[in-house]
Every structure is written in C-alpha cells, then in structure tokens.
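Everything on this sheet refers to the single structure shown next.
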Number of protein chains: 2
Amino acid sequence: MSDKTEITASVLVIGDEILSGRTKDKNIGYIADYLMQIGIDLREVRIVPDVEQEIVDAVNALRARYTYVFTTGGIGPTHDDITADSVAKAFGVGISEHPRAIELLLTRIKPEDLNEARRRMARIPHGAELVENRVSTAPGFMIGNVVVMAGVPSIMQAMLDNVTPRLKTGVKMLMETVQADSVPEGAYAAGLGAIAEKYPDCSIGSYPSFTTGKFMNQIVVRSKNADSLAAALADVRAMIDELIAERAKA
Amino acid sequence: MSDKTEITASVLVIGDEILSGRTKDKNIGYIADYLMQIGIDLREVRIVPDVEQEIVDAVNALRARYTYVFTTGGIGPTHDDITADSVAKAFGVGISEHPRAIELLLTRIKPEDLNEARRRMARIPHGAELVENRVSTAPGFMIGNVVVMAGVPSIMQAMLDNVTPRLKTGVKMLMETVQADSVPEGAYAAGLGAIAEKYPDCSIGSYPSFTTGKFMNQIVVRSKNADSLAAALADVRAMIDELIAERAKA
C-alpha cells in the first residue's frame, strides 16, 4: 500500500529508564496518535539506551528509511544527556552553543545560574534549526529529517506542536472500527481474510480482548481511500451481522 | 559495564495497532520490570508493523545481538497474524501444525469448531518448543533464543511465567533512588557527573519531573555490585543534602 506521496516516520526513544522499567513511556502512544491525525504514517519505533554508539546507529538507520525521525529524551543538562552530541556525530557535523538557545535559557535562568551543565542544553549540532518550547524554554532541534525532542511528556508535546508547521504531511489515514462482541476471532477469521484480499488498499486488523469471559473483539479497517474504506466496512459489518444471526439460531 | 556473564534481551513488539496509536502498548513496561527482577538486562526495544519482511529483518538483527529476544503480538487466528510464519522464515525453517498445540486448542474448542483459521494458531516453526499459557491455551513458542508470545497482556504474562524457568538469568541489577526535591538538575549536574566517573560500575541517571511548578527530580543509581552501589548512593545523598543546605541559606 505504498505510494510516493506517503510521508513516513519513526520514533526513537532514548533512555535507560525506559529499558529498566522505571519509567513507563507515554510518548510513543501520544506521537502515534498525533502523526495519525496529520497524515504521517508511523512505521517503526525503537527504544535504545543512553549510549552514544546505539544512538548514532539507530539515528542513521532510521533517517535513511523514513521521511522523518522523532527522537525523545537525553537533551537535559546532566552527564547522561548525550543525545545532542550523538546526533551531531551521526550527521558528521560539529556541535556548539547556539546563541538563540542561550537567549532562551536566559529567559528563565538568571545569568549567574547559567553554569556549565545548563549551558549543555544550548549545545546544538551545526546546521540544525531550533524547536522552541513554551513549557521549559530549553529548545529541541531539527537537523535534516530528524526532530530531537525532550523526554518529559509535557515538554515533548510542546516541541511537537512547534515543529509541525515545518513538516510535510500526507493524506490522513481514515479508520473505522466494527465491534464484534461475542463473536470469537476463529469464527470470523476466514471471512475477514477474504475481505482483506478484496480491498488491497485497505488494512484490516482484528484485535481481541477478554472481559469477564466475554469476547469484545474489535475489527479495525484503515485506508487512505474513503470509498474503499466505506465498501470494506460495509462488507465487514454484513459478515459480522450474519455470524451473530447464525450463532443466535444455533 | 559489560562482562561475559551478562544476560541481555530485546523486545520486539509486532503490531500495526501500536504504530497507529489505536492500542497503547503495556507489554514493554511489564517485560522491562520482569526482566529487571530476574537479572536479565533489557537493551533494546523495537516496534514493527505486521509485515513479514519487517518482522524477519528485526528478528534476525536482534537475535544476533542479544541473549534473548521476546516478541509480542501476531499469533492469533486472523489473516494479519503472521508472526509464526515470519519467525520460521527468519530462521530458515519450515512450519506446520504441532500435535501438542492442536491438543491444547482442543481443551478449549470443540472439534467441530476447530476450523482452518483456529488451526493457524497451532502452526509452530520446526524446532521450536511450545510455551504454554493457562489463560487462553493457544501456545506461544521458543525457537533458538527467540521467545514468541501473544500481544494480549494477560496471555503474554502467563507465557512469560511459563518460559522463565528455561531462561538463563544473570546477576540482578540493584537500583536505589534519591529524591532531589526542589533542587534543579542544573544545580547538581556537575557533581553528579563527577560521581558517575568515580564509580564506573554504576549507572547514574537523573530524571526530572514538574509538579505544580516544583522540581521533583529523581536520581537513580544502578549497579550489579552492591558495595559500589552503596558508596555511590552515599556520595549522591551527601551532595544533594549539601546543595539543599546551601540553597536554604541563600
């Protein structure tokens, strides 16, 4: 289902604290929803530790494959915040304090408190544009097709809002859901597979869940083509209705 | 901080529904906590779509790098459940119905309801061992160093419990937290970096959060060496106490 007008993305979450389980990531789900809304297709997510080679390798692998890479984490003032330097290394460019970034930090920090650690937050790879944020003022940045953001959710969200006008967006993926209550996946799988084959420009998925012993399965139909979506959706609904009727008679 | 006795892992989450934002993954955080408890170091996580080549490439990349790979998702009966076939392809082995898997399905499904779709859940790569689960009975499997599990959290958790006795486990990572309330990262970053350098077998991270305008930063010290951890922890606490005292006088 790929065409040249597709805008794709990957998310790179950087942080030992996610891998240790200490922090439960909330940014992946938020960014996934956000990109869906603006017609950018999220295709892959990676979570890597605060280790330079890991960040460099992941950034280089992902930026070659997708239209955009969004990174979160590791742009604070402490020694374990190495994302900016790692991204500069990935791009093979230098890194130094950006005057506008220093300016932004000084709107919130007194000059006598702008110590070496805090100045690290103004280190921006050469060639990058700043991505400002109204929550904490320390900026993220965008270099090439890589958007580098904070890990703290409220700050990341502000950065995402700030950078969005600069992004190419695509045709929005449309999505509809059919509730298949009390019909087990095994009963509709064959019919669903046939519908999926009939509509190659739709993506059809089945998502089971169990609540108190009852099936609450959801069938999700997605497409960028509204007509195909409507037709596939009608077929799915008809199939499920028929199965429910058969099971009521049985 | 690597040594030959380290047992490492990666998690591969398979599913369009995570990338679309429709489902918010809960398995990554659960598995991260779980592995931490049994001394296995989670080093990388990837989320890929229900696309064969993506799954094959990710499985092959990850199984070469880490002691174990844990996959979630895509082992149900519908057409979009392609994980078992993809993993077989990654290993270059065949795949067919496993007699014990059929047996397990029949403990819950009447023979006349065991249709072609449900039989798909008994397709197990050749050479794999089953990973049984007491919640839904359709088994996961383990082949080589790859553990393939369900996406539904309760089923995945049962599979993880079932497979754990078969895993090599390592020295547990010890972890202590120092609360650095009302002390901003920028104030302790330099001192923290110095402590990190002093204890190379400790990993020290700083995790900021904002609640109603107040800093509630947490410093986390991790190590497999209890003595180093205790010493580093004492240094961190002393440093923070000193900063709090200085700031109270100022």
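Couple of notes before you dig in:
- A cut-off under 11 angstrom between Cβ atoms defines the neighbours of B:Glu176, and their net charge, with Lys, Arg +1 and Asp, Glu -1, is +2.
- Once divided by 2.2 N^0.38 Å, the Cα radius of gyration of chain B becomes 1.26.
- DSSP beta bridges confined to the protein assembly as shown are antiparallel in about 60 percent of cases.
- Sum of side-chain charges, A:Phe141 neighbourhood, beta-carbon under 13 Å (Lys, Arg +1; Asp, Glu -1): -1
- Inter-part distance where the stretch A:23-61 and the stretch B:38-83 are each reduced to a Cα centre, Å: 16
- The mean sequence distance of close C-alpha pairs (under 8 Å, at least 6 residues apart), as a share of the length of the stretch B:129-228, puts its relative contact order at 24 percent.
- As a ratio to 2.2 N^0.38 Å, the alpha-carbon radius of gyration computed for the stretch B:174-249 takes the value 1.07.
- Cα lying deepest toward the dipole's positive end in chain A, options A:Asn60, A:Leu130, A:Gly151, charges on Cβ: A:Leu130
- 25 °C / 0.890 mPa s Stokes-Einstein diffusion coefficient of the stretch B:32-119, Kirkwood radius on C-alpha pairs, µm²/s: 162
- Inter-copy label distances at B:Glu116 (7 Å, Cα→Cβ; nm, one decimal): 7.0
- Within the protein assembly as shown, all pairs of alpha-carbon atoms sorted by distance into 20 Å bins from zero give the percentages 22, 51, 24, 3, 0.
- Choice from A:Glu176, A:Glu132, A:Glu97 with maximal GNM fluctuation in chain A (Cα, 10 Å cutoff): A:Glu176
- Around the amide H of B:Gln218, modelled in the peptide plane, lie the amide H atoms of B:Ala180, B:Tyr207, B:Ser209, all under 5 Å away and 5 or more residues distant in sequence or on another chain.
- Placing +1 on the Cβ of every Lys and Arg and -1 on the Cβ of every Asp and Glu, with nothing else charged, gives the protein assembly as shown a dipole about its Cα centre of roughly 240 debye.
- Helix-only mean residue ellipticity at 222 nm for chain A, each DSSP H run of n ≥ 4 adding -39500 (n - 2.57), per residue, nearest 500: -12000 deg cm²/dmol
- Considering only B:Asp85, B:Asp113, B:Asp57, the mean-square fluctuation computed in a Gaussian network model of chain B, springs between alpha carbons under 10 angstrom, is largest for B:Asp113.
- Charges were assigned to the Cβ only: +1 to each Lys and Arg, -1 to each Asp and Glu. The resulting dipole of the stretch B:8-166 about its Cα centre is roughly 280 debye.
- Nearest 10 degrees, 0 to 90: helix B:52-65 Cα axis against chain B principal axis: 50
- Positive-end extreme of charge dipole, chain A - chosen from A:Tyr188, A:Met239, A:Ala88 (charges on Cβ): A:Ala88
- For the stretch B:8-166, the residue among B:Asn162, B:Gly74, B:Leu104 whose Cα projects farthest onto the positive side of the dipole built from Cβ charges is B:Asn162.
- The long axis of helix B:153-163 is offset from the longest Cα principal axis of chain B by roughly 90 degrees.
- Within the listed set A:Gly39, A:Gly21, A:Gly170, the residue fluctuating most in the Gaussian network model of chain A (springs between alpha-carbon atoms under 10 angstrom) is A:Gly21.
- Separation between Cα centres of the stretch B:92-126 and the stretch A:154-199, rounded to whole Å: 29
- Reach of A:Lys198 by Cα under 21 Å, taken over lysines that are not fewer than 8 positions away in the same chain: A:Lys224
- Of all beta-carbon atoms in chain A, the one sitting closest to the axis that brings chain A onto chain B gives A:Arg46, 3, with the distance in whole angstrom.
- Average Cα contact separation per residue, the stretch A:8-166, under 8 Å, 6 or more apart, as relative contact order %: 23
- Rounded to the nearest 20 debye, the dipole magnitude of the stretch A:174-249 is 160 debye, with +1 charges on Lys and Arg beta carbons, -1 on Asp and Glu beta carbons, and the Cα centre as origin.
Bear in mind these aren't lab numbers, they're just calculated from the coordinates by the rules spelled out. Everything numeric here is computed off the predicted structure, so don't read it as measured data. A quick note on method: Cβ atoms are made from the backbone with ideal geometry, for glycine too, and the neighbour counts reach across all protein chains shown.
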